[in-house]
Amino acid sequence: MSDIFTDRLMAAFDRAAEFAFRRTAQSIGRRSALSTIGKLMVGGALLPVLPFDRSSGALAAGAPASGPADANCDYWRYCALDGFLCSCCGGSVSACPPGAEPSKVTWVGTCHNPADGKDYLVSYNDCCGKTTCGRCLCNGNVGERPGYRMGIHNDINWCMANTPSMYHCTVSVLVGVADDK
């Protein structure tokens, strides 16, 4: 008795599946299906390079460590830096730690050096390729603009252009003296 019931259930299932597949095949062509599959593949491949907002990390990281000036968020070169200081993560103010590489894209800021009274152009480079450092989080927003002004927006993971797109920490490289004009 149970074999007859199972056979009838399977036959009903087969008919329903066949009907659904035939109806789908009649309404959707091969080109349309291939187009949809292609869009999903391209979209999935581009997803890892999209920028994302790191500003929520400020809540989880805690206060910066005390130590030398370059490991303190109040250091003048960090006026527009948003991220973990590489000087606390095995690197220096302007060099990534071993195993990390500088981002290919960057944001810039203008910071005032109180020691000489000059303004300097500073390039902030994310160091990429290692997991997030998690030490000495700074969130300087001097001169930051909304996200649609990408070159001067600091809440983006700038490692998006690198092959290892994991963010580790941020360095500040002096580009030059700002023009007084």
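For the condition crowded, with 19+ Cβ neighbours inside 10 Å, on the phi < 0 side of the Ramachandran plot and at pLDDT 90 or above, Cys128 qualifies. Taking the listed residues Pro64, Pro48, the one that is more than 20 Å from the chain's Cα centre (by Cα), of a type outside the set (A, V, I, L, M, F, W, C) and modelled with pLDDT under 75 is Pro64, with no other qualifying. Report yes if some residue within region 133-141 is modelled with pLDDT under 80, surrounded by fewer than 18 Cβ atoms within 10 Å (Cβ to Cβ) and not in a strand (DSSP E or B); otherwise report no. Yes: region 133-141 contains one or more residues that are modelled with pLDDT under 80, surrounded by fewer than 18 Cβ atoms within 10 Å (Cβ to Cβ) and not in a strand (DSSP E or B). Among the residues of region 87-107, those identified as assigned to a loop (DSSP other than H, G, I, E, B) and crowded, with 17+ Cβ neighbours inside 10 Å are Cys89, Gly90, Gly91, Val93, Ser94, Cys96, Pro97, Ala100, Ser103, Thr106.
The values are calculated or read from the model by the stated rules, or taken from the named source; none is laboratory data. Model, not experiment: these values are computed from the prediction. Backbone-built Cβ (ideal geometry, glycine too); neighbour counts: all protein chains shown.
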